[in-house]
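J.: Could you have a look at this structure, given as C-alpha cells, before my questions?
The values are calculated or read from the model by the stated rules, or taken from the named source; none is laboratory data. Remember, predicted model here, so these are calculated numbers, not experimental data. Backbone-built Cβ (ideal geometry, glycine too); neighbour counts: all protein chains shown.
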Amino acid sequence: MPISRKTFFKGLAIGTIGLPVALRALLGPGRAQSSGHNSSSISSEVFHWKLTTTWPPNFPVIGEVSIRFAQMVRAMSGGRLDIKVFGGGELAPPLEAFDAVRNGVAEVGHGAAYYWAGKEPAASFFATVPFGMNAQQVNAWLFSGGGMELWEKLYQPFNLLPLPGGNTGVQMGGWFRREINRIQDFKGLKMRIPGLGGRVLEKAGGAPVLLPGGEIYTGLERGVIDAAEWLGPYHDRLMGFHEIAPYYYYPGWHEPGTMLEFFINRDKFAQLPSDLQEIVRVAAWAANHWCLCEMEARNAKALAEMAAEGLKIRAFPPEVIDQLRAYAVGVIEEIISRSPAAQEVYQSYQAFRQLARRYAALTERPFYEELQPI
Ligand code: CA
C-alpha cells in the first residue's frame, strides 16, 4: 500500500518506515528492536564452533570468506565466539558439509546451495539459475525481495539456518579441449559443471560430472572429464586448466551470479546469546559483500593478464546460447513440476527477475552499452 508523504516522514522520524525494511533483512525476522542488552548483562561464556567448507583448504577468496567471517566474529565478540575453520576434507568431505552441520560435526558450514539439490531440488535456485539474475539482483531478491524467508523455510526441515555468504559474480563458460561451434559439439562431452547448468548440458547430449574444486585438474588430466567450468579468470588461472584444455569460453550462461552460503545448525545457533547471534548475522553480511568485491577486482585483473598472455578466449556462438537457453527453460519447468517447494521459490525468483530486468533495461543495460563502451 502506498504511504503518504506525511506518514513517510513521520515514520522516518520514529524509525518505523524505511530503515526497518533493510534492518529486518539484515537482522532477521523480529530482530529490528533493541535486544535490551547492556554491558552488564552480556554473558562471559565462550563458545567454540567448527566451520567446515566445500572448498579446498585456504582456497583464495571463496575459502577466505569463512576465515574472514571467523575473524570478524571473534573480534566483534571479544573472543566469546571462537570459530575454527576447516577446509573441505579436513573435518568432513567437501560435498558432505551440509550433513556434517546437520549432524553437529560442525556448527556452521560454507558452500553453495546447488550442491544439495539431491536433497531438495529447490536448493539450486538459492545458488544460481542458468540465464537468471546477476549478483546485484540476487542480493536484492534475498535481502529485500522475500528470498531469505523462502530460503529459511527450505532449510528448516534440515535444522539449518542459511545466510548468504558471498557471490562469484558472472562466471566464465569453462575450459574445453576443442572449440564449440555448434550445439552438437556438446554431444558426449563429459564436463564438470554443477547445478542446473549440468542438467542443461544433459539436454544438449553432454554428461555433467560433479567434482569438488580440488579434483578438477586431475579429472581433466586423466580424461575423467573433457571440459570443466570452475569460477572465473582469477581462480581458473591459478588452477592451471589452460595447460590441459586450451579454449576458454564465455559467458558463464549457467552461473550468472552464484550465491555462496553459510548454513548454521539451528540448535547450536539457538544456544548463543542474542548479541552473538547478531554478530554472526552481521559478520556473514560483511563477508558476503567482501567476496563479491574481491571476485570482481581479481577477475578483471586476471582476465586482462590472460588476454595479454595470448590465451584462447572464445565466445559461445549466439545460436549455441539460444539453444542452451531453450534447454534451460525446459529444465526449470521439469523441476518446478515435480517439487512444490521449487515451484514456490521459483515463482518468487521469477517475479523479482522480471521486475529487475525491466529496471535494468533502462539503467544498467544502456550504461554498459552506450555510456561506458569498452
Ligand atoms: Ca562454476
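J.: Return the residues of the range 56-86 that are surrounded by fewer than 16 Cβ atoms within 10 Å (Cβ to Cβ), over 25 Å from Trp230 (Cα atoms) and of a type in the set (S, T, N, Q); say none if nothing qualifies.
T.: The answer is Gln71, and nothing else.
J.: Among (1) within 24 Å of Ile313 (Cα to Cα); (2) assigned to a helix (DSSP H, G or I); (3) within 16 Å of the ligand (Cβ to nearest atom), there is one condition Val138 misses while meeting the rest; what is its number?
T.: The single condition Val138 does not satisfy is (1).
J.: Name every residue in the range 196-212 that is more than 22 Å from Gly132 (Cβ to Cβ) and in contact (Cβ under 8 Å) with a residue 60 or more places away in the chain, in order of residue number. Let's see the steps before the verdict.
T.: Of the residues in the range 196-212, the ones more than 22 Å from Gly132 (Cβ to Cβ) are 205, 207, 209, 211-212.
Correct list: Pro212 only.
Here is a yes/no grid of residues against (1) β-branched (Val, Ile, Thr); (2) touching a Gly at 6+ places or on another chain (Cβ under 8 Å); (3) surrounded by 17 or more Cβ atoms within 10 Å (Cβ to Cβ):
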| site | (1), (2), (3) |
| --- | --- |
| Pro212 | no, yes, yes |
| Ala227 | no, yes, yes |
| Leu238 | no, no, no |
| Pro273 | no, no, yes |
| Glu278 | no, no, yes |
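J.: Among the candidates Ile336, Ile321, Ile332, Ile313, which residue alone is more than 16 Å from the ligand (Cβ to nearest atom), touching a strand residue (DSSP E or B) at 6+ places or on another chain (Cβ under 7 Å) and among the β-branched types (Val, Ile, Thr)?
T.: Within the list Ile336, Ile321, Ile332, Ile313, the selection yields Ile313.
J.: Of all residues in the range 143-176, count the ones that are assigned to a loop (DSSP other than H, G, I, E, B) and of a type in the set (Ser, Thr, Tyr).
T.: Residues of the range 143-176 that are assigned to a loop (DSSP other than H, G, I, E, B), as a first pass: 145-146, 159, 168-173.
This time we only want the ones that are of a type in the set (Ser, Thr, Tyr), so: 168.
Selection size over the range 143-176: 1.
J.: Could you say which residue among Lys268, Lys301 is at pLDDT 95 or above and in contact with an Asp or Glu (Cβ under 7 Å, 6 or more places away or on another chain)? Don't jump to the end; show me each part of the working.
T.: Values: Lys301 fails: in contact with an Asp or Glu (Cβ under 7 Å, 6 or more places away or on another chain).
After ruling out the rest, the residue left standing is Lys268.
J.: For Arg222, are the conditions met, namely being at pLDDT below 95 and away from the ligand (no atom under 16 Å from the Cβ)? Steps first, answer last, please.
T.: Details: at pLDDT below 95: yes; away from the ligand (no atom under 16 Å from the Cβ): yes.
Against the criterion (at pLDDT below 95 and away from the ligand (no atom under 16 Å from the Cβ)), Arg222 qualifies.
J.: Additional query: From the residues in the range 236-268 that are within 26 Å of Val129 (Cβ to Cβ) and in a helix (DSSP H, G or I), which one is nearest to the ligand (Cβ to nearest atom)? If you could, list the steps in order and put the result at the bottom.
T.: Taking the range 236-268 first, the residues within 26 Å of Val129 (Cβ to Cβ) are 236, 239, 241, 245, 247-264.
Keeping just the survivors that are in a helix (DSSP H, G or I) gives 236, 239, 241.
Values: Asp236: 9, Met239: 12, Phe241: 12 Å.
Step by step, filter the range 236-268, then rank; the result is Asp236.
J.: For the structure I just gave you, tell me whether Arg314 is surrounded by 12 or more Cβ atoms within 10 Å (Cβ to Cβ) and either free of Cβ contacts under 8 Å to residues at least 12 places away in the same chain or not in a helix (DSSP H, G or I) (or both).
T.: On the way: surrounded by 12 or more Cβ atoms within 10 Å (Cβ to Cβ): yes; either free of Cβ contacts under 8 Å to residues at least 12 places away in the same chain or not in a helix (DSSP H, G or I) (or both): yes.
Yes, satisfied.
Let's see how each residue does on (1) closer than 30 Å to Val73 by Cα; (2) within 16 Å of the ligand (Cβ to nearest atom); (3) at pLDDT 95 or above:
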| residue | (1), (2), (3) |
| --- | --- |
| Gly169 | yes, yes, yes |
| Gly174 | no, yes, yes |
| Asp185 | no, no, yes |
| Leu196 | no, yes, no |
| Glu202 | no, no, yes |
